Amino acid sequence: QVQLVESGGGLVQTGGSLRLSCAASGTKFSASAIGWYRQAPGHQREWVASITSSGGTHYADSVQGRFTISRDNAKNTGYLRMNSLKLEDTGVYYCNIDPHRLWMDPYGNYDYWGQGTQVTVSS
């Protein structure tokens, strides 16, 4: 059974930085794509970034150039470094993994999710 534990969220001012972590278990981590999603209040969950098993990355236009996704297969952990944070980055951030696809499903059609980690950006 896949288990996902996100951490690293918090309260930060605009322009600040945070690094989120995603500890995964229950699947072959090194062979899986990893993705980050977020859900702002009153909005649907949206895809943010993906990294393939070989390290290829892809970002939503809204975070391109500010966020960096990475992974440490030895630790079964994925990361999302967020710089130059904006008010609109506020939300609950979730990670997920997919051992069956090269890239994460941008629509987040997965049966399992972690509890997420809250990111709040204030002015």
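Here are the criteria: (1) at positive phi; (2) of a type in the set (Gly, Ala, Ser); (3) open to solvent by 20 Å² or more (accessible area, probe 1.4 Å). Tell me which single one Ser25 does not satisfy.
(1)
Would you call Ser54 open to solvent by 70 Å² or more (accessible area, probe 1.4 Å) and not hydrophobic (A, V, I, L, M, F, W, C)? If you could, list the steps in order and put the result at the bottom.
Values: open to solvent by 70 Å² or more (accessible area, probe 1.4 Å): yes; not hydrophobic (A, V, I, L, M, F, W, C): yes.
Against the criterion (open to solvent by 70 Å² or more (accessible area, probe 1.4 Å) and not hydrophobic (A, V, I, L, M, F, W, C)), Ser54 qualifies.
Search region 108-123 for residues being open to solvent by less than 20 Å² (accessible area, probe 1.4 Å) and not in a strand (DSSP E or B), and hand back the single one that is nearest to Ser25 (Cα to Cα).
Filtering first and then ranking leaves Gly114.
Being farther than 17 Å from Val2 by Cβ and crowded, with 19+ Cβ neighbours inside 10 Å is the filter here, so list the residues in region 28-46 that pass it.
Listed by number, the list holds a single entry, Arg38.
Wholly within region 12-65, which strands (runs of 3 or more DSSP E) include no fewer than the required count, namely at least 1 residues that are aromatic (Phe, Trp, Tyr)? Lay out the reasoning, then the answer.
Numbers: elements: 18-25, 33-39, 46-51, 57-59.
Correct list: 33-39, 46-51, 57-59.
Keeping to region 2-22, report how many residues are closer than 23 Å to Pro99 by Cα and surrounded by 13 or more Cβ atoms within 10 Å (Cβ to Cβ).
Of all residues in region 2-22, those closer than 23 Å to Pro99 by Cα come to 2-7, 20-22.
This time we only want the ones that are surrounded by 13 or more Cβ atoms within 10 Å (Cβ to Cβ), so: 2, 4-7, 20-22.
Residues that pass the stated criteria total 8.
Under 6 Å between Cβ atoms, at least 6 apart or on separate chains: pull out the pairs that start in region 81-107 with a residue that is on the phi < 0 side of the Ramachandran plot and surrounded by 20 or more Cβ atoms within 10 Å (Cβ to Cβ) and end on any residue that is aromatic (Phe, Trp, Tyr) and not in a strand (DSSP E or B).
Tyr94/Trp113; Asn96/Tyr110
When the residues of region 53-106 are narrowed to those that are aliphatic (A, V, I, L, M) and modelled with pLDDT under 95, which ends up farthest from Gly15 (Cα to Cα)? Before the answer, list the steps.
Looking only at region 53-106, we keep the residues that are aliphatic (A, V, I, L, M), and these are 60, 63, 69, 74, 80, 82, 85, 87, 92, 97, 102, 104.
In the following step, the residues that additionally are modelled with pLDDT under 95 were identified as 102, 104.
Values: Leu102: 32, Met104: 28 Å.
Top of the filtered list is Leu102.
The values are calculated or read from the model by the stated rules, or taken from the named source; none is laboratory data. Nothing here was measured: the structure is a model prediction, and the numbers come from that model. Virtual Cβ from ideal backbone geometry, glycine too; neighbours counted across all protein chains shown. Just so you know, the surface numbers come from the protein's heavy atoms only, side chains and all, with ligands and any DNA or RNA stripped out. Shrake-Rupley method; radii C 1.70, N 1.55, O 1.52, S 1.80 Å.
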